[in-house]
Structures are given as C-alpha cells and as structure tokens.
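Chemist: Sharing a structure with you now.
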Amino acid sequence: MPPTSTTLPILIRPGNLQTSSAIEAWVHRKLAGAFRRYGSNMTAVEVHFEDVNGPKHGAADARCVMEARVNGRSPIAVQARADDLYGAIDAASRKLDAAIARVVERADTRARRRFRHEREVIGNVSQIGGSGTSGAAAIAPRHVERAEPGSAQRRGVIIAGFGPVGRALADELTRHGVPITVVDTNAETIRRQDGLGIPVLCGDITDPAVLRRAGIETAAALAVTIPDGAEAVRACAAARALSPDVHISARTTFLSQGLEAMRAGANSITVEEIATASALARVVTQQLTGKLHRSDSEALMTPQGANE
C-alpha cells in the first residue's frame, strides 16, 4: 500500500506568515489523498506560505506554494491564492494532486508503450535464471554501453539477492569474466559463500549506505533479483538516486510492479507473471501441435479399411 502523509517528509516554510499546529494539520490532511495515490513515487513535499500584500491586506493575499519531488525528477510546483491560508492550502493541494497525476500518467503511458514495442520487436530474450523465454517477459535495455579495454568506464555488476535466480546470474556472469558483488539480507547465505571468492555483503539493498558499500557509484549494472516486487521497486529508486548512469535490471512478480520499477529508475524489467504465461502457452501449444501432427501422420499410414 502506498505510504501515507505520515511517512513522507512535509517541509513547511511559513515565510512572512504566522503558522500554527492547526495550519500544519490542515496541510497534512489536504495532502493525505495525494500521498495515498502517489506516495510510492514521491520523496518529499515543500510547502511555502506568503502574505502577498503584507500589512496592507487585501483580497486573496494569502499564497501557498507546494513543491513535490516525484521519482527524482525536477520538483513539480503549484501555487494558489485565497483570502486566508486555509483556502490557499486547499486550492494548492488540489492543483498538486492533478499535476502529479499527469506526471505519473505520462510515465505509465511511456512505460506501457515501451513494453508493447519490445514485445513486438524482440524475438527471444535471455532472462535472468533461464533461457528461451519469450520476449514478452521482459523489456530489454534501451542502450548498452560497451567499455573499451583499459577504459575508466563503469565495470562490474551488483546482484541484489542470492537465491536461485541470483546464483544462476552470478554463474553466468562469472563464466564471462564479469566481476560481481552480491548483496543479500540472509546471514546464512553470506556464510555459505565465504569460500567462493565472490564479494558478498550482508545488508538491505534499499539502504543507500549498503548500495555505496557495494559500489553502486562505479558499477556498470545492478540486477535486482529479490522476489519481493515492492522491495525491488524501492531498490531501483534508491540506486537511481545514487547513480544516474548505472543500468538497473529488475525482477518483479507482476506487470504493475514492473511499471513502478521503471518509473523508479529501472532500465529493463523481467516480469514473472508474463514469463510464466509465455512459457505455459509455448509448452501447451507445442504439445497440442505435436499431437495433431502425430494424428495426421497416423491417419495417413493406416491402411484403408483396417478399422472397418
């Protein structure tokens, strides 16, 4: 469930107006709806107050400016004026809600368009933890940087989660000589890997301090293989905030989570429900097609009148 207004920082800048606990409570109340709908995309809101006419007073002399930060983009700013601060806050909160809705809707539309495009143009995409899965299961990277030998470009891959999917990816990358660093929250998993010569950190991949220790600021890619889709979304947002250039590939259970991950900063996603559907459809189709072909062949090879 998206965070509520009590989980996101609201920074109130009273300016030249006197604020109060009642005013602050009104701000939280008015922003609660936006946080319920879009809180997973937001990091902070700043609220500024101003008495436009100063001691002269006048109509609509209370101004409220609200700035919301959504998915690390430039702040979304709106403002409204009213005869009193309560009215200005009410009007500004409605404008902010509408502005965030437009931004999130555009991001959803772009992500869905990219997803449909990749389904059309990609044949077979190698997925994390397996091969031969239909391209409908993933959005492939839009751009892959190739580092020249001896260059100072980013290198190495951070693997978040060392379950079956993470281990399969680690094996594949190791075979290709790609340096890897593993991050996992399970201390027992970390202990079992001590003798493998792979750098393994015990920690939460959504924690910026853990990401820095893993080398997110110089890594070429981050592969989020943890099974918790909501946590994967948070990991994408945390990593993108620390490293604008790292390629982030995320595993999610549902398409809705995959779209959230892309809004949060992922470059590519692997969606389990679509991969499963594609695999089942392929297996069942092949099985039925094979049976039909065998039936036709048997009919041709059966002598006429043999069953009469």
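The values are calculated or read from the model by the stated rules, or taken from the named source; none is laboratory data. This structure is a prediction, so every number in the text was calculated from the model and none was measured. Neighbour counts run over all protein chains shown; Cβ positions are idealised from the backbone, glycine included.
Chemist: Are any residues in segment 244-258 touching a helix residue (DSSP H, G or I) at 6+ places or on another chain (Cβ under 9 Å), of a type in the set (Ser, Thr, Tyr) and buried (at least 21 other Cβ atoms within 10 Å of the Cβ), and if so, which ones?
Modeler: The one that is touching a helix residue (DSSP H, G or I) at 6+ places or on another chain (Cβ under 9 Å), of a type in the set (Ser, Thr, Tyr) and buried (at least 21 other Cβ atoms within 10 Å of the Cβ): THR252.
Chemist: For GLU217, indicate whether it is part of a loop (DSSP other than H, G, I, E, B) and more than 15 Å from the chain's Cα centre (by Cα).
Modeler: Spelling it out, GLU217 is indeed part of a loop (DSSP other than H, G, I, E, B) and more than 15 Å from the chain's Cα centre (by Cα).
Chemist: Could you tell me which of the residues ALA239, ALA232, ALA261 is under 15 Å from ALA160 (Cα atoms), more than 9 Å from the chain's Cα centre (by Cα) and not in a loop (DSSP other than H, G, I, E, B)?
Modeler: ALA239
Chemist: Quick check: is even one residue across segment 289-300 surrounded by fewer than 16 Cβ atoms within 10 Å (Cβ to Cβ), at pLDDT below 80, among the aliphatic types (A, V, I, L, M) and not in a helix (DSSP H, G or I)?
Modeler: Within segment 289-300, not a single residue is surrounded by fewer than 16 Cβ atoms within 10 Å (Cβ to Cβ), at pLDDT below 80, among the aliphatic types (A, V, I, L, M) and not in a helix (DSSP H, G or I).
Table: residues versus (1) surrounded by 15 or more Cβ atoms within 10 Å (Cβ to Cβ); (2) assigned to a helix (DSSP H, G or I); (3) not hydroxyl-bearing (Ser, Thr, Tyr).
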site	(1), (2), (3)
GLY166	yes, yes, yes
LEU169	yes, yes, yes
LEU173	yes, yes, yes
VAL182	yes, no, yes
ARG191	no, yes, yes
LEU201	yes, no, yes
ILE205	yes, no, yes
ALA209	no, yes, yes
ARG213	no, yes, yes
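Chemist: Can we say ALA250 is touching a Cys at 6+ places or on another chain (Cβ under 6 Å), at pLDDT 90 or above, more than 18 Å from LEU173 (Cβ to Cβ) and outside the structural domain of MET42 (by TED's automatic domain parsing)?
Modeler: For ALA250, the condition - touching a Cys at 6+ places or on another chain (Cβ under 6 Å), at pLDDT 90 or above, more than 18 Å from LEU173 (Cβ to Cβ) and outside the structural domain of MET42 (by TED's automatic domain parsing) - is not met.
Chemist: Please work out if GLY197 is at pLDDT 90 or above and either out of contact with any helix residue (DSSP H, G or I) (no Cβ under 9 Å at 6 or more places or on another chain) or not assigned by TED's automatic domain parsing to the domain that holds ALA241 (or both).
Modeler: It is false that GLY197 is at pLDDT 90 or above and either out of contact with any helix residue (DSSP H, G or I) (no Cβ under 9 Å at 6 or more places or on another chain) or not assigned by TED's automatic domain parsing to the domain that holds ALA241 (or both).
Chemist: Looking at (1) modelled with pLDDT under 90; (2) touching a strand residue (DSSP E or B) at 6+ places or on another chain (Cβ under 8 Å), which one does GLU188 not meet, given that it meets all the others?
Modeler: Against the list (1) modelled with pLDDT under 90; (2) touching a strand residue (DSSP E or B) at 6+ places or on another chain (Cβ under 8 Å), GLU188 comes up short only on (2).
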